[in-house]
Amino acid sequence: MSAARTLGLDGPGAGLEWRSDLYRTACAQLNLAAETLGLDPDEHTRLIEPRRSLVVNLPVRMDSGELANFTGYRVQHTLTMGPTKGGLRYAPDVSLGHCAALAMWMTWKCALLGLPYGGAKGGVRCDPRALSADEMERVTRRYVAEMAPIIGPNEDIPAPDMGTGEREMAWFYDTYSQAAGHAVPACVTGKPVALGGIPGRRQATGLGAVFVLEAALERLGRPLADQRFAIQGFGNVGAVAAGELHARGARVIALSDVTGAIADERGLDVAAVVRWRGEHGTVAGFPEAETIDRDALLELPCDVLVPAALEHQISADNAARLRCRLVAEAANGPTTTAADEILADRGITVLPDVLTSGGGVTVSYFEWVQGHQKYNWTRAEVRGRLRSQMREALEEVVTTSEQLGVSLRTGALSLAVRRVAEAARLRAVYP
Ligand code: NAD
């Protein structure tokens, strides 16, 4: 392996502060794109490690009266492209290395979609399901206060991710604005519409994935309505994607969440599953379908598998058993490097996460523009712009992949890396 190929995999950062399986996956992907492009080693070196990070301790008064410590993170991958942008995740496995990988992917996502941001990611290591609403509020407000030195409407703009949503973004916005002494709607995106949010932000990632799928299937001459979909994850992204696919006449033959999975070859009534999950807190047991093992969903025969839950769900352990023709990565980082190679050998096309899951940050960008301009967008404008940007990005990724003779993932990353590296070269190294 050449020196360039190992960057980030055995360097000091990878071994120490950024260490995580996810960061190794992100570095391996970047290295492959760099090799494909023949990237200048200086530019490669500048992109491999995050530019800035902050780890904070959050002392939070629990409902019981006890004081608990939480750890909060924010990682900014590159400051070259403008302010940084990326989600805020509340989950038990949030770590600095985890955020580093997710921040790097945000850089590529923004570059692919033509958004004027570098990538960032943050989070709090906690189990959000074990916290009351009051505890979540105190965690969120303290996180905002501690991150004050590096966040802001022109510095770094968070958004929802796993375990957070409009409610947390509303607390975020309020805390930041209280400190500023006036409303700062552009400090965070994914806010409720009543607080300067944009119509359609909550649906944006799932809908964006469906726009990409629609265009990709058109290119393959396979009408979306004729396809059978299995979707892992029934949260913000998975449930919306399922609903949008169902509305377009496609058959959603299986769905899962953390508690279990359901399958029906005839196609599930997604709205009925949403109601069932609302009443029972799980998709499992939905009476009009068979309840199956949660992870068995990944191996069901289908046309399109949509991972919309967690990272590293498709690995060397199960990639050989997938029975789909296409994987549409609506989650971030659902496929390991080893699995990618197995899928490629098996002729299974992967629509990569940096493209397919880019709808959320695209509509977040519209919301940020709205916040700065104080000029409101309509739902139709949001959907129309989102559709055209996702389709355009797919076309550019397909063209680049064909020109370079590589997979869609390496094509997407190569295109994004080329854009960011060019900007870094033009700005040069200071001092
Ligand atoms: P969410 O917390 O709303 O939903 C996650 C869903 O996954 C839940 O239904 C949960 O039960 C399910 N889940 C968890 N573990 C599972 C498992 N082992 N098997 C099956 N299901 C499981 O989160 P989300 O916002 O929908 O995010 C999902 C993915 O999409 C993440 O990778 C996230 O980073 C990515 N993403 C989200 C956004 C966004 O705007 N929310 C944007 C881009 C990417």
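The values are calculated or read from the model by the stated rules, or taken from the named source; none is laboratory data. Keep in mind that what you see is a predicted model, and the values were worked out from it rather than measured. No Cβ is skipped: glycine too gets one built from the backbone with ideal geometry, and neighbour counts run over all protein chains shown. Calculation scope for accessible area: heavy atoms of the full protein, side chains included, ligands and nucleic acids excluded. Shrake-Rupley method; radii C 1.70, N 1.55, O 1.52, S 1.80 Å.
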- Item | Hey, Ala68 over 17 Å from Gly152 (Cβ atoms) and in contact with a Pro (Cβ under 7 Å, 6 or more places away or on another chain) or not | no
- Among the residues of the stretch 309-326, write down those that are surrounded by 15 or more Cβ atoms within 10 Å (Cβ to Cβ) and touching a strand residue (DSSP E or B) at 6+ places or on another chain (Cβ under 6 Å). Ala309, Gln313, Ile314, Cys324, Leu326
- Task: Taking the options Arg387, Arg383, name whichever one is assigned to a helix (DSSP H, G or I) and in contact with an Asp or Glu (Cβ under 9 Å, 6 or more places away or on another chain).
- Result: Arg387
- Scan of the stretch 249-262 for residues that are within 13 Å of the ligand (Cβ to nearest atom) and farther than 13 Å from Pro287 by Cβ, ordered by number: Ala254, Leu255, Ser256, Asp257, Val258, Thr259, Gly260, Ala261
- Message: Condition first: within 16 Å of the ligand (Cβ to nearest atom), open to solvent by less than 20 Å² (accessible area, probe 1.4 Å), touching a residue at least 24 places away in the same chain (Cβ under 8 Å) and not assigned by TED's automatic domain parsing to the domain that holds Ala330. Can you find one or more residues in the stretch 146-158 that meet it?
- Response: yes
- Query: Restricting the stretch 327-345 to residues that are surrounded by fewer than 22 Cβ atoms within 10 Å (Cβ to Cβ) and among the acidic types (Asp, Glu), which is farthest from the ligand (Cβ to nearest atom)?
  - Reply: Asp345
- Of the residues that sit in the stretch 175-197 and are in contact (Cβ under 8 Å) with a residue 12 or more places away in the chain and assigned to a helix (DSSP H, G or I), which one is surrounded by the fewest Cβ atoms within 10 Å (Cβ to Cβ)? Ala179
- Query: Right, Gly358: of a type outside the set (Phe, Trp, Tyr), buried (at least 23 other Cβ atoms within 10 Å of the Cβ), away from the ligand (no atom under 16 Å from the Cβ) and at negative phi or not?
  - Reply: no
- Message: When you check Glu244 against the structure, is it over 14 Å from Asp303 (Cα atoms) and either acidic (Asp, Glu) or away from the ligand (no atom under 16 Å from the Cβ) (or both), yes or no?
- Response: yes
- Query: Which of the residues that make up the stretch 80-98 are within 15 Å of Val55 (Cβ to Cβ) and assigned to a strand (DSSP E or B)?
  - Reply: Leu88, Arg89
